[in-house]
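Undergrad: This is the structure I want to talk about, given as structure tokens.
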Amino acid sequence: MSNWPLLQFAQDLEGFDLVALLLGAVIVFFSAGFAIDYIVGRHGMGPYWSGFYAMLGAYAGLCARDWWLRPYVA
């Protein structure tokens, strides 16, 4: 598991550190949504849906990298 230390770090958070991480994730979500909505203008779906699809695309990209794009280790 190449990402085990990051997952362990996130699971060990509690109190203020956990709230800070969650607040940061919410801010990134809304920032991506508003930025995408600003760029596409009147053709956009709104900041909330744009943010949702941006986060969904980022997660799908990370999953694709982890599942299919790993280098072959003999």
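The values are calculated or read from the model by the stated rules, or taken from the named source; none is laboratory data. The structure displayed is predicted, hence computed values, not measured ones. Glycine gets a Cβ as well: all are built from the backbone with ideal geometry, and neighbour counts include every protein chain shown. We work out accessible area using only protein heavy atoms, side chains counted, and drop any ligands, DNA or RNA first. Shrake-Rupley method; radii C 1.70, N 1.55, O 1.52, S 1.80 Å.
Undergrad: Touching a residue at least 12 places away in the same chain (Cβ under 8 Å) and either farther than 24 Å from F9 by Cα or surrounded by fewer than 14 Cβ atoms within 10 Å (Cβ to Cβ) (or both): does that describe F29?
TA: no
Undergrad: Which of (1) over 16 Å from the mean Cα position of the chain (by Cα); (2) surrounded by fewer than 11 Cβ atoms within 10 Å (Cβ to Cβ); (3) under 26 Å from R70 (Cβ atoms) does F9 not meet, given it meets every other one?
TA: (2)
Undergrad: Right, next: So which residues in segment 29-47 are part of a helix (DSSP H, G or I) and more than 14 Å from the chain's Cα centre (by Cα)?
TA: Answer for segment 29-47, where residues must be part of a helix (DSSP H, G or I) and more than 14 Å from the chain's Cα centre (by Cα): F34, A35, I36, D37, Y38, I39, V40, G41, R42, H43, P47.
Undergrad: Give the residues of segment 37-54 that are open to solvent by 70 Å² or more (accessible area, probe 1.4 Å) and either in contact with a Leu (Cβ under 6 Å, 6 or more places away or on another chain) or not β-branched (V, I, T) (or both), sorted by residue number.
TA: Y38, R42, H43, M45, Y48, W49, F52, Y53
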